[in-house]
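Rule-based calculations on the coordinates, nothing more; no lab input. In this text, all values refer to a predicted model and were calculated from it rather than measured experimentally. Reconstructed Cβ throughout: ideal geometry from the backbone, glycine too, with neighbour counts over all protein chains shown.
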Ligand SMILES: N[C@@H](CCC(=O)N[C@@H](CS)C(=O)NCC(=O)O)C(=O)O
């Protein structure tokens, strides 16, 4: 569990906040996962919007809450919690009705969610390469400096290596771009993970059996993003495609992944450009 210590938190006003407060962004995978969870559980929460396109996550006020400069972050009765999977596990225990991490399955789900989190930089690579509007520089040198120098730089009282990891990811993108090699490596990892899901769905309607759990929510988001990038889901993983469709039809899921039409248009233009120039996901992987 990643509950921040007092020394980590520079934006002190949040320590007085009561109830459930979530810092999030519409298009962020981890925010979408957390909001679907909150909606399915009917947990009342207060929204604090952090606009990633405006780089608000790396402004001093927000780095004073989450020193990693990531969303989501949770303030729960003055406690600050980071890391989406930990936030969800905590809330599932504090609001025990309709458990999405059923009792007795905590360790198994924890491990499977760790695998999901380990793929986070891969989904970011694919997302930025295939769906972000063309021509943007995702993060500038100044943005990265803001991240490296802002906030306490500590998590649970110790210097935080994860912040360096995040900064190094963006430095590499700034220097080398999102290369075909990085894209192919990310897609190989996703393909292997989706093959495992395909097996899981052989005998049950959901990933861990007959009931929906947080693992279904987490993978729903990744699959949605992969489809958006042009991943051939139906062809490579037909059972995963059949599992995904009814989830997409549920309002709790659909509503949280809606995109602003203006942004959607830019993404579609970018996808059309890739088709015209032979640089789609299928072109890069050779899986066509
Ligand atoms: N392991 C973290 C990952 C959080 C994360 O990477 N969030 C992304 C959005 S999905 C973010 O805030 N990115 C900020 C940036 O790209 O600068 C979690 O599960 O909360």
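Some notes on this structure:
- Residues in region 245-288 that a label on residue 184 would reach, taking backbone N under 11 Å of a point 7 Å out along Cα→Cβ: 284-287
- Overall form of the chain per C-alpha gyration tensor (a/c, 1.5; a/b vs b/c): oblate
- Comparing 47, 152, 84 in a Gaussian network model of the chain where C-alpha atoms under 10 Å apart are linked, the largest mean-square fluctuation is found at 47.
- For the chain, the mean residue ellipticity at 222 nm estimated from helices alone is -16500 deg cm²/dmol, where every DSSP H run of n ≥ 4 contributes -39500 (n - 2.57) and the total is divided by all residues, rounded to the nearest 500.
- Bridges between two residues of the chain, per DSSP, are antiparallel at a rate of about 75%.
- GNM result for the chain, Cα springs below 10 Å: residue of 277, 154, 34 fluctuating most strongly: 277
- Simple spin-label estimate for residue 97 and residue 17 in nanometres, 7 Å along Cα-Cβ: 2.4
- Rounded if a/c under 1.5, otherwise prolate or oblate - region 1-115, Cα gyration tensor axes: prolate
- Sorting 203, 13, 198 from the fewest to the most surrounding beta carbons within 10 angstrom yields 203, 13, 198.
- Distance (nanometres) between label positions extended 7 Å along Cα→Cβ at residue 120 and residue 172: 1.5
- Placing dummy labels 7 Å off each Cα toward the beta-carbon, the span from residue 287 to residue 210 is 3.3 nm.
- Bins of 10 Å, starting at 0 and running to the largest distance - Cα pair percent for region 59-141: 14, 33, 34, 16, 3
- Gain on full stretching of the segment that runs from residue 233 to residue 272 - 0.36 nm per residue minus C-alpha separation: 12.1 nm
- Seen through its C-alpha gyration tensor, with square-root eigenvalues sorted a ≥ b ≥ c, region 233-288 comes out oblate because a/c lies at 1.5 or above while a/b is not bigger than b/c.
- Summary value for region 121-203: 43 percent relative contact order, contacts being C-alpha pairs under 8 angstrom separated by 6+ residues.
- Isotropic mean projected area of the C-alpha convex hull, region 99-140 (nm²): 4.4
- Based on C-alpha pairs under 8 angstrom that are at least 6 apart in sequence, region 175-279 has a relative contact order of 20 percent.
- Computed packing ranks the peptides 56-64, 92-100 as 56-64, 92-100, most packed first, by mean other Cβ atoms within 10 Å.
- The packing ranking of peptides 76-82, 132-138, 259-265, highest mean first, is 76-82, 132-138, 259-265, where packing means the average number of other beta carbon atoms within 10 angstrom of each residue.
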